[in-house]
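Have a look at the structure below before the remarks.
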Amino acid sequence: KRVAILISGGGSNMLRLVESMEGDHPARPCLVLSNDPEAGGLARAEALGVPTAAVDHRPFGKDRAAFEAALSGPLEAAAPDLICLAGFMRILTPGFVSKWAGRMLNIHPSLLPKYTGLHTHARAIAAGDTEAGCTVHEVTADLDEGPILGQARVPVQPDDTPDTLAARVLTAEHRLYPAVLRRVAGGNRELLTL
Ligand code: GRF
């Protein structure tokens, strides 16, 4: 299986995904693609020998469809079987999502369906939650709403700040995403709970 990974920043999840795809793993990374030419993850992917590309979303302004048409060039050229959004911070149109229906995954830093959208850690702390975590789901037209493929739970400590909780959740993301990708690449979409 060929896996394309979309990033916007440092790409710590991308790195774990790339590093996991070795040996008898049924998938290999075919492209790391960013909406930001300056994304730190691009250099990390290149250091691992993974082809990279960047399509700056800014020149397209509010024309999401035009940006996605530009993104589809390198993406379709890489012919991925699966797309992993990993710290990808652009909202995708229903048209783009439907083209990749069932073949696009995302990791979100909350226990969905709680806290779709942004600032998930601050919201969990403000709500007094004692547990938080992350979710890998299939991407559908509704933001952060698709079928859940995996979740990992972490405790919320009384003295947690959004940053300390984010760091704990990110560590769980780095375990969960590779585990879910390996199962999905092998044809298993059963829910994984860590
Ligand atoms: C992090 O906030 C993570 O929780 C979310 O995307 C952001 C950046 O992740 N999934 P990464 O280090 O670029 O993978």
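Bear in mind that the values in this text are calculations on the coordinates, not laboratory data. Keep in mind that this is a model prediction, so the values were computed, not measured. As a convention, Cβ positions derive from the backbone with ideal geometry for all residues, glycine included, and neighbour counts pool all protein chains shown.
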Counting only other residues whose beta carbon sits under 11 Å from that of Pro80, what net charge do I get with K and R as +1, D and E as -1? +2
Which FRET efficiency, nearest 0.05, do Asp81 and Asp24 yield, Cβ-Cβ r, R0 22 Å? 0.80
Please state, to two decimals, what the Cα-based radius of gyration of the chain comes to when divided by 2.2 N^0.38 Å (N = residues). 0.99
Mean shadow area (nm²) of the C-alpha convex hull around the stretch 1-74 is 4.9 nm²
Where q = 0.25 Å⁻¹, what log10 of I(q)/I(0) comes from the Debye formula for the stretch 111-194, counting one point per Cα? -1.22
Roughly how many nanometres apart are two label points built 7 Å out from the Cα toward the Cβ at Arg189 and Met89? 3.0 nm
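Peptides 91-99, 119-127: what's the order by average Cβ count within 10 Å, highest mean first?
Taking the mean over residues of other Cβ atoms within 10 Å, the ranking is 119-127, 91-99.
Would you work out the charge dipole size for the chain about its Cα centre, treating the Cβ of every Lys and Arg as +1 and the Cβ of every Asp and Glu as -1, and quote it to the nearest 20 debye?
Using Cβ point charges on Lys, Arg, Asp and Glu, the chain gives about 340 debye.
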Under the 0.36 nm per residue contour assumption, what length would be gained going from the current alpha-carbon distance of Thr164 and Thr116 to full extension? 15.3 nm
Can you give me the C-alpha center-to-center distance between the stretch 122-194 and the stretch 47-121, rounded to a whole angstrom? 18 Å
Quick one, can you get me the convex hull of the C-alpha atoms of the stretch 58-101 expressed as volume per residue in Å³? 83 Å³
With a cap of 10 neighbouring Cβ atoms within 10 Å, and only residues DSSP puts in a loop, list the trypsin sites (Lys or Arg not before Pro) found in the stretch 19-86. Lys62
Round to the nearest 10 and give me the degree value, 0 to 90, for the angle of helix 64-77's Cα axis relative to the longest principal axis of the chain. 70 degrees
Quick one: longest stretch of the chain between exposed loop GluC sites (Glu not before Pro), exposed meaning at most 15 other C-beta atoms within 10 Å and loop per DSSP? 39-144
For the chain, what is the percent of antiparallel DSSP beta bridges, rounded to the nearest 5? 40 percent
